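Right, one structure below, let's go through it.
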Amino acid sequence: MKKIILIFICVFFAACSSKTPTNQYFKNLDLRQNVQILPQITETLPIDEKAALQKYFSPWHYKTPKKLPKDIFWANKSYIKYDKFFDKSGKKHNENFINFLNNETKEENFGEISKKAITVKNSLLRNLPTNEPFFLDFKKPGEGAPFDYLANSALGAGYPLFVSHYNASGLWAFVQNDAVWGWIESKNIKFLSDNEAAHYQNQKFLAILKDNTDVLDEKNKILFKAKIGTILPYKSEDKQFLKGKFISGTGVLNFKISKENAGIFPLQFNDSNLKASISSLLGEKYGWGGFESLRDCSLMTKNLLFAYGIWLPRNSKLQGNIGEIYSFYGMDNLQKTAQIKAFGKPFRTLLYMNGHIMLYAGIVDENIAILHDIWGLKTIDDGREIIGQIALTTPFLGKDSNLIPNRNLLISRIKSMNIVR
């Protein structure tokens, strides 16, 4: 009898514990993480360089802010629930700190400066003027690091900005780039006159081909590392280097970048270039909103395609609504697969689902290949099977796992595809 009771107790607690959501990492992705598995790109793509640069430099063409303060200070209202968010040590932010941040934003000073500026180093854009993270409960799957809800975006050096005003301390500036509003540390920007801005944007530019490329001074000292998506003024070249002038925090500096790691903007949309770029991105850790200067899904697609002269907005929903759109409404997974194979164009077709964007990469062994920056897939117990990186997979990733129901597969959740140029 005691044995029966003991068995019952063990089964009971095992059943209860199995209902607790858990996180675990995928042991094996369904494609090799090597660009050589991808089909050769033979398409030649005409790029409208002027249109891409016009979007990129759009903040410098604002005379007044494009949105009303009530629309762009949404973070003040979203994060006032002080008992909801945690710091990096897992402690809840207190009411005094939340109120301090709200007062720091100085909404009443919106548009007070209204000047052009440029980033002088790689920078983070924040939803409130602080580097303190705002995490939700670490115990909940899909929360905690890297999901800092104050993370907005990561900007490369040389990024054009429109500056609205400073916060109360003056340590942060409220700015708009080509896609979003956010807070940037004041020390990371330099103001430009109208003439300086006009001269800057009318130059030729180079684009970064390989991620985390060394930008060198004339003595071969590393000035900074440039990410894909960064463009810098181009002046001249020799057999080994592309050269230009960079606006730094201390003045204008001469720089050079190896021709192996950069090219004239826009980069040529060809097989060798795209595979070199993708190879340098594969395996980079996932970072919500540019958390720790990493990328999320839409920041990866925005950065990568801009290097090739294709401008995208910042978030996945907006990215899924541009170009030639194919709705998958009412389609099953086989029908979606057929549509993607029939009409998808490698590296300029986006696959959209709620909260995630993927880049179609062609057909590998009769399977659809996608490039995406993904955190994980939801499991049957509301946990996560974590990928946590930029990866090549199929949209059927997880189909062989007994933890991931069919409804949670990427292909099941994809709502549409859109072709951009």
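In this label model, Lys55 and Ser327 are separated by 2.3 nm, measuring between points 7 Å along each Cα→Cβ vector.
Considering only Cα-Cα distances, which of the following residue pairs are longer than 19 Å: Lys221/Lys243; Lys345/Lys415; Lys115/Lys245; Lys204/Lys245; Lys190/Lys256; Lys227/Lys345? Show your work: numbers first, answer last.
Numbers: Lys221/Lys243 14 Å; Lys345/Lys415 17 Å; Lys115/Lys245 22 Å; Lys204/Lys245 11 Å; Lys190/Lys256 21 Å; Lys227/Lys345 25 Å.
The pairs that break the limit, which is 19 Å between Cα atoms, are Lys115/Lys245; Lys190/Lys256; Lys227/Lys345.
Dividing the Cα radius of gyration by the Kirkwood radius, what Rg/Rh value follows for segment 141-236? If you can, show how the numbers build up before the last one.
Numbers: Rg = 16.0 Å, Rh = 15.7 Å.
On the Cα set of segment 141-236, Rg over Rh gives 1.01.
By the count of neighbouring beta-carbon atoms within 10 Å, fewest first, Tyr326, Tyr159, Tyr308, Tyr25 end up ordered Tyr25, Tyr326, Tyr308, Tyr159.
Relative to 2.2 N^0.38 Å, what does the C-alpha radius of gyration of segment 310-421 come to as a ratio? Two decimals please.
Details: Rg = 13.3 Å, N = 112, 2.2 N^0.38 = 13.2 Å.
After normalising by residue count via 2.2 N^0.38 Å, the value is 1.01.
Packing, taken as the mean count of other beta carbons within 10 Å per residue, orders the peptides 283-291, 83-91 from highest to lowest as 283-291, 83-91.
The aspartates and glutamates whose alpha-carbon is closer than 13 Å to the alpha-carbon of Lys70, local same-chain residues fewer than 8 away aside, are Glu107, Glu108. Against the chain, whose longest principal axis comes from its Cα atoms, helix 297-307 is set at around 30 degrees. The calculated FRET efficiency for Ile47 paired with Asn96, based on their beta-carbon distance and R0 = 41 Å, is about 0.20. Sorted on the mean count of surrounding Cβ atoms within 10 Å across their residues, most packed first, peptides 267-274, 38-45 read 267-274, 38-45.
For segment 203-264, what percent of Cα pairs sit more than 14 Å apart?
Details: 923 of 1891 pairs.
More than 14 Å apart: 49 percent of the Cα pairs in segment 203-264.
Taking Cα atoms only, the orientation of helix 271-281 departs from the longest principal axis of the chain by about 70 degrees. Please identify which residues in segment 200-229 have an amide N closer than 11 Å to a label point set 7 Å out from the Cα of Glu237, following the Cα→Cβ vector. Within reach of a label on Glu237, which here means backbone N under 11 Å from a point 7 Å along Cα→Cβ, segment 200-229 contributes 206-207. Temperature 25 °C, viscosity 0.890 mPa s: under these conditions the Stokes-Einstein estimate for the chain, based on its Kirkwood radius over C-alpha pairs, is 106 µm² per second.
At Asp87 and Lys225, where each label point lies 7 Å from the Cα along Cα→Cβ, what is the point-to-point distance in nanometres? If labels sit at Asp87 and Lys225, their model points lie 2.8 nm apart. Ranked by the mean number of other Cβ atoms within 10 Å of their residues, highest first, the peptides 183-193, 332-342 come out as 183-193, 332-342.
The angle separating the long axis of helix 2-18 from the principal Cα axis of greatest extent in the chain is about 20 degrees. With the simple spin-label model, which puts each label point 7 Å out from Cα in the Cβ direction, the Ala342 to Lys66 separation comes to 3.6 nm. Amide H contacts under 5 Å for Phe265: Phe205, Leu206, Ala207, restricted to partners 5 or more places along the chain or on a different chain, H placed in the peptide plane at 1.01 Å from N.
Just so you know, all these numbers are worked out from the coordinates, no wet-lab data involved. Remember, it's a predicted structure, so these values are computed and weren't measured experimentally. Ideal geometry is used to build each Cβ from the backbone, glycine not excepted, and the neighbour counts take in all protein chains shown.
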